[in-house]
Amino acid sequence: TSIPSVQYFSAVGLSVAYLISMAFYFVLNLTYIRKFLKIKFFVKDILKILMSSGFIGFVLLLLYPFVNNIIMLAAVSIFSIIIYLLLLLPLKFYINEDIRILEFFAKRIPALNKFLLIIIDFLKKISK
């Protein structure tokens, strides 16, 4: 599937072909892990990630024509990361373990301590 898509659509075709093959590979690995290792996956969490990723992908597709230099690319990247993380809030994606991980990093990285404590307090208020 990749050779015809590259010939007709160049880099975009290659990207789509890669996405399709990686999605297929992901499903095969997920099936293998669930079958042989008896690991349970939280399908709801995976769906929440896919919904947020799909929305961000759509937003990035809309913003693509306006990105014409490295500064604009950096701004759009930071914007999309923030929006992605905020989209997971109403979906109740974050759990207590996530807060504990942030607390660990807040103790270990003094430069980010204040910023991480603000995020931790915000997540604790939201998760109640």
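The values are calculated or read from the model by the stated rules, or taken from the named source; none is laboratory data. Note that the coordinates shown come from a computational prediction; the quantities given were computed from them, not determined experimentally. All Cβ positions, even for glycine, are placed from backbone atoms using ideal geometry, and neighbour counts span all protein chains on display. With ligands, DNA and RNA removed, areas are computed over all heavy atoms of the protein, side chains included. Shrake-Rupley method; radii C 1.70, N 1.55, O 1.52, S 1.80 Å.
The residues of the chain expose, per residue, 84 Å² of accessible area to a 1.4 Å probe. Between helix 70-87 and the chain, what is the angle of the helix's C-alpha long axis to the longest principal axis, kept within 0 to 90° and rounded to the nearest 10? So the inclination is approximately 60 degrees. With contributions of -39500 (n - 2.57) from each DSSP H run of at least four residues, the per-residue ellipticity at 222 nm computed over the chain stands at -27500 deg cm²/dmol. Couplings for region 16-25, taken from phi via the Karplus curve 6.51 cos²θ - 1.76 cosθ + 1.60 with θ = phi - 60°, read 5, 4, 5, 4, 5, 5, 5, 5, 4, 4 Hz in order; Gly and Pro are left as x.
Does anything in region 33-69 have its amide N under 11 Å from the 7 Å Cα→Cβ label point of residue 25, and if so which residues? No residues fall inside that zone.
Sequence-distant contacts, meaning Cα pairs under 8 Å at least 6 residues apart, place the relative contact order of the chain at 15 percent. Heavy-atom surface analysis with a 1.4 Å probe gives the chain a carbon and sulfur content of 75 percent of its accessible area.
Here the alpha carbons of the chain define both size measures, Rg and Dmax, at 18.9, 53 Å.
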